[in-house]
Each structure stands twice: as structure tokens, then as C-alpha cells.
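The values are calculated or read from the model by the stated rules, or taken from the named source; none is laboratory data. These figures come from a predicted structure and were not determined experimentally. Quick reminder, even Gly has a Cβ in these numbers, built from the backbone with ideal geometry, and neighbours come from all protein chains shown. These area figures cover heavy atoms from the full protein model, side chains too; ligands, DNA and RNA do not enter into them. Shrake-Rupley method; radii C 1.70, N 1.55, O 1.52, S 1.80 Å.
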Amino acid sequence: MLNSTTKQNDWLYTISPRRKFINLNFKEIWRYRDLLLLFVKRDVITLYKQTVLGPLWYLIQPLFTTLTFTLIFNNLANIPTGDGIPSFLFNLAGLSCWNYFSTSFTGTSSTFKSNQGVFGKVYFPRVIAPLSVVISNLVKFGIRLLVFIGFYIYFVFFTGKASLASPNLTLLLLPVLIVLMALLGLGFGMLISSLTTKYRDLTYLVGFGVQLLMYGSAVMYPLSYFKEKLPEYSWLVEYNPMTVFIELFRYMTLGVGRFSISYFLYAAGISIICFLLGLIVFNRTEKNFIDTV
């Protein structure tokens, strides 16, 4: 007869409360990688399932949004882009970065509410759910990046703008930039998702807050223009991490904007701190969220 110690050693998994202050078990996440891929596939494929245009929405949404911004902010409001950069390309660069952050943030901010049925029935690392949102949005960001490259080639070779600023060596920081935007969106999203299990009204503030944050992130205007027009409030935009990331993306792809290593390190630090804070709150909330959600 096997004693209790032998039986316990034969168990494949042992579910017990975590005591670590910051817990991100990469080994366990890797063990559930198939589930992570299934979540990503669900988010990417089923989002526009049974729609008329299907995956074309991945192209239509950024193009129409960029066109609207160009008509309103550049043609009507006469906001300059600087150095002869086409306003459409300028806005497309800013919106590409902003959409990745905003969709990652809004998608992860409803993690507990959207997955309460699954969380309450079966065990798996809960952090897989918000991670899948960030990864699936990375696919959409890749599509927007291809659209941006396509329009860049169009403006250079087919509109006579051969003098358009070319990408520079800071383009090597693009993978780091994407990771930092993901960490920022993931951290904010996990934090809000944890808080909404008790405070439901925060859900209604997410969409409104994201819209306000967009106008304070230099998406549709260069940072230099805002500093010129409203110098006393420029610090609100200047110290926004997303402003740093958007300015860096425009600098590395179009040669406009501002790149400062000190501001980049500042934004990177904010992103990492936000992610760690969101992870701490998320881990504490997942233990008893089912009683409050």
C-alpha cells in the first residue's frame, strides 16, 4: 500500500496559494502555452467572424481614422507636421503606436469580468488571459506596421517626395519599444481589471479616460507644437510615457520628433513599474475575485 507521502509525490500538479509578492511563473506559463495560443487565436480570428468585410476591418479602421485625423487636425486646424512630412503618414505613425497601447489596455482591463465563467471552473495561470490580449494585439500592430510601410513607399516613390526623411539607426530599438508599450498597457489593464471587481463604475471610465489620454499623448500633433502653443501645460504631455514612445517611433521611421535617451529611460522605468504594480494587484485579486465579481 502506498503511503500518503508517495501518493503526494505522484501528483502531477499541486494547487496551493502563492506567497510570493511578485509572481510571474514563466515555467507554468510555458506549460500552458497551448492554452495561450488558443486564446490568441480566439481573439484574432473570432473578432470579425460573421462580418461582411471580415479581416479587412484590420485595414479599414486605421486608414479611416488616419484620414479623419488628417482632415480635421491638419487640413482644418492647420497643425504642422514638420520637415515636409505628409500629414497622413505622420498621423498613421502616431495612431499605429497608440492603437496598440489602447487596445492592449482596454482589452486587459476587463480580464476578470470577461473570463469569470472560465476562471470559476478550471485552473490555469490567470495571467495568461491578459497576456493573450497583448499578443493578439501585436498581430494587429504588425498589420498596421505593414500598412505604414506601404504608404511610406507610396509617398517616396509615387508622389515625388523622394526627400522624405528615411529611417535611422534608432529603428533597432523598435522591438524594445513594442515590449515597453505592451508592458505599459498590460500593467494598466491588470490594475484596472483588479479594481473593477469591487468598483464597477471604473469600467465606464476606461473608454472615456483612454480618449482623454490620446489627446495628451501627441498622437495628432508634434510635441514641439504643443510646447510652442501651451508651454505652461507642456509638461503634462512631455512626461506622458506614451508621448515618448510615439515621438520615438516617428523619429526612428520618419526622422521627425524628439529622441532623448534620458526620456526613453524614464518612460521605460514607468512602464516596468506599472507592469510590476499591476501584476502585484492582479495576483492578490485572483485569489478571491470570484466572491466579488
Notebook entry, point to check: Could you list, in sequence order, the residues of segment 257-269 that are surrounded by fewer than 19 Cβ atoms within 10 Å (Cβ to Cβ) and touching a residue at least 40 places away in the same chain (Cβ under 8 Å)?
Noted result: Phe259
Margin query: I'd like the residue in segment 52-101 that is in contact with a Phe, Trp or Tyr (Cβ under 8 Å, 6 or more places away or on another chain), buried (at least 22 other Cβ atoms within 10 Å of the Cβ) and of a type outside the set (S, T, N, Q) and, out of all such residues, is farthest from Phe245 (Cα to Cα).
Written below: Leu89
Note to self: Return the residues of segment 71-86 that are farther than 23 Å from Met181 by Cβ and in a helix (DSSP H, G or I); say none if nothing qualifies.
What the structure shows: Leu71, Ile72, Asn74, Asn75, Leu76
Next item on the list: Within segment 117-140, count every residue that is surrounded by fewer than 17 Cβ atoms within 10 Å (Cβ to Cβ), touching a helix residue (DSSP H, G or I) at 6+ places or on another chain (Cβ under 8 Å) and assigned to a loop (DSSP other than H, G, I, E, B).
Entry: 2
Item checked: Gly278 free of Cβ contacts under 8 Å to residues at least 12 places away in the same chain and within 27 Å of Arg126 (Cα to Cα) -> no
Next item on the list: Just give me the residues in segment 30-72 being at pLDDT below 85 and of a type in the set (Val, Ile, Thr), in sequence order.
Entry: Val44, Ile45, Thr46, Thr51, Val52, Ile60
Next item on the list: Could you grab me the full set of residues in segment 199-213 that are open to solvent by less than 90 Å² (accessible area, probe 1.4 Å) and at pLDDT 85 or above?
Entry: Gly209, Val210, Leu213
Check: If you go through segment 233-244 one residue at a time, do you hit one that is in contact (Cβ under 8 Å) with a residue 60 or more places away in the chain and exposed (fewer than 13 other Cβ atoms within 10 Å of the Cβ)?
Finding: no
Next item on the list: Specify the residue that is modelled with the lowest pLDDT; the eligible residues are those in segment 73-86 that are closer than 12 Å to Tyr221 by Cβ and hydrophobic (A, V, I, L, M, F, W, C).
Entry: Ala77
Notebook entry, point to check: If the Cβ limit is 8 Å and pairs must be 6+ apart or interchain, which residue in segment 75-104 that is farther than 12 Å from Val256 by Cα and without any contact (Cβ under 8 Å) to a residue 12 or more places away in the chain pairs with which residue that is open to solvent by 10 Å² or more (accessible area, probe 1.4 Å) and assigned to a helix (DSSP H, G or I)?
Noted result: none
Note to self: Test of understanding: among Ser104, Ser114, Ser166, which residue is among the hydroxyl-bearing types (Ser, Thr, Tyr), closer than 18 Å to Leu36 by Cβ and surrounded by fewer than 19 Cβ atoms within 10 Å (Cβ to Cβ)?
What the structure shows: Ser114
Next item on the list: Would you check if there is a residue in segment 217-232 being touching a residue at least 60 places away in the same chain (Cβ under 8 Å), open to solvent by 60 Å² or more (accessible area, probe 1.4 Å), more than 19 Å from the chain's Cα centre (by Cα) and farther than 23 Å from Phe112 by Cβ?
Entry: yes
